[in-house]
Amino acid sequence: MDISKAEKLESQNELPQPQQQGRGTSFLRTCFNGLNALSGEHAFGYKGRAIVSLFMCLELYLVAVEFLILEGDNLDKLFPNTGFRVAGLKIEGRRAFVLLTSLVVLPTTWLKSLGMLAYVSAGGVLASFILVVCIFWVGAVDGVGFHESNVLLNWRGMPTAISMFTFCYCGHSVFPTLCSSMKDRSRFSKVLLVCFITSTINYGSMAVLGYLMYGEHLKSQVTLNLPIKKISTKIAIYTTLINPLTKYAIIIAPITTAIEEKSIFSNSRSLSIIIRTALVISTVIVALTVPFFGYIMAFIGSFLSVTSSILLPCLCYLKTNKTAQKFRFELIIIVTILVAGSFIGVVGTFISVKQIVNHL
């Protein structure tokens, strides 16, 4: 795809923004609407575009890996000691479920149009709220209770906690894809506002409930702590399983599109299927090799999400907006965000990588 075609495609994904004399878009709108490869190119040239694309694709790739780990862990809790043999090789436990999940999602990745999946994945929003209700029910009705709030604040765990919370907002990479799939793109900002508000309420509620119920004994996924014999637990796990199945193809779509556009056989349907299948296989290998949901989430949040959702939007805005470089309150806010984001990124990345290496 040449530059003119790429810019035309990207311009379709951008929101209509009111232009002001002598100024571009606002800092808040820049960060809120997210980052894309062309914004990196506009600010720092071809190298900027390459760096932004690399971080966005790597972030999405690891999120897809997380989906497989999530499915494997929760299905193994529902159906323990499950296994099968392939060519004389016995595969059991969560590894078996990771493989089975990949076979289920594989056909969805072959679809060129994800419109149908978009409607199905919308049910994931409802599933998220159902999950919160189920967790609350387990604590309030099924006898677990809310008595584990021994430590109000743990400063040593703050970088990891912030990294994980940042992971929850790492959807910037798919914003252009989502925007281009909307019938009325002028409403995209309102859609984002609703998404961020509901996500914050949902994630915050889940974090508070999980800690009040299990405290320091809380596992990387709260569903793994729940009493398996309770109906509410089964409902919670089943609703947890919905999101990865419906969103896996949407998550890796920007990666496959980028690879196929670089291929000399970009119009070949068979090559497209081979590329997408190979990508799924690679995520399975990573999920089986590094099956640490919480540590990988912390790494994605601290290294990739902080970079692509906090640091790079700030840097791109400063580079392209000369007015923002003047010493004003806006510049102080941006520098504060950059310093705080850099600290969280460095410390959180070091801790998460150390934890992953220690558990290999």
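Decide, for segment 224-265, between rounded, prolate and oblate: order the square roots of the alpha carbon gyration tensor eigenvalues as a ≥ b ≥ c, take rounded if a/c falls under 1.5, and otherwise choose prolate if a/b is larger than b/c, else oblate. Since a/c reaches 1.5 and a/b is larger than b/c, the shape of segment 224-265 is classed as prolate.
Compute the semi-axes of the equivalent ellipsoid of segment 162-244, taking the square root of 5 times each eigenvalue of the Cα gyration tensor, and list them largest first in whole Å. Could you put the intermediate results ahead of the total?
On the way: eigenvalues 188, 47, 24 Å².
Ellipsoid semi-axes (Å, largest first): 31, 15, 11.
Peptides 229-237, 152-160 ordered by packing proxy, namely the average of other Cβ atoms within 10 Å per residue, highest first: 229-237, 152-160. The trypsin sites (Lys or Arg not before Pro) of segment 258-360 that meet both conditions, a loop assignment by DSSP and at most 16 other Cβ atoms within 10 Å of the site Cβ, are Lys326, Arg328.
Here is the size of segment 213-360 from its Cα atoms: Rg then Dmax, 20.7, 61 Å.
Give me the percent of Cα-Cα pairs in segment 277-359 that sit more than 15 Å apart, rounded to a whole number.
Cα-Cα pairs of segment 277-359 separated by over 15 Å account for 65 percent.
By accessible area, using a 1.4 Å probe on protein heavy atoms only, segment 261-360 has 74% of its surface on carbon and sulfur. For Leu241, neighbours were defined as the other residues whose beta-carbon sits under 15 Å from its Cβ, and their charges (Lys and Arg +1, Asp and Glu -1) total 0. The phi torsions of segment 245-262, fed into the Karplus equation with coefficients 6.51, -1.76 and 1.60 and a -60° offset, translate into couplings of 5, 8, 10, 4, 5, 5, 5, 8, 4, x, 5, 5, 5, 5, 5, 5, 5, 7 Hz, rounded to whole numbers, with Gly and Pro shown as x. Kirkwood hydrodynamic radius of segment 231-316 from all distinct Cα pairs, in Å? Taking every pair of different Cα atoms in segment 231-316, averaging 1/r and inverting gives 15.8 Å.
Any chance you could run the full-extension gain for Phe129 through Ser189? It's 0.36 nm times the residue separation minus the Cα-Cα distance, nm to one decimal.
Values: separation 60, 0.36 × 60 = 21.60 nm, distance 2.24 nm.
Extending this stretch completely gives an extra 19.4 nm.
Of the peptides 335-348, 239-252, the ranking by mean beta-carbon count within 10 Å, highest at the top, reads 239-252, 335-348.
Do the alpha carbons of any pairs in Lys47/Lys322; Lys112/Lys354; Lys247/Lys319; Lys219/Lys247; Lys183/Lys319 sit beyond 27 Å of each other, and which pairs? Among Lys47/Lys322; Lys112/Lys354; Lys247/Lys319; Lys219/Lys247; Lys183/Lys319, the Cα-Cα distance tops 27 Å for Lys112/Lys354; Lys247/Lys319; Lys183/Lys319.
The values are calculated or read from the model by the stated rules, or taken from the named source; none is laboratory data. Here the structure is a predicted model, which is why all the values come from computation and not from measurement. Because the Cβ atoms are built from the backbone with ideal geometry, glycine has one as well, and the counts that use them run over all protein chains shown. Quick note on the areas: whole protein, heavy atoms, side chains included, nothing else; ligands and nucleic acids left out. Shrake-Rupley method; radii C 1.70, N 1.55, O 1.52, S 1.80 Å.
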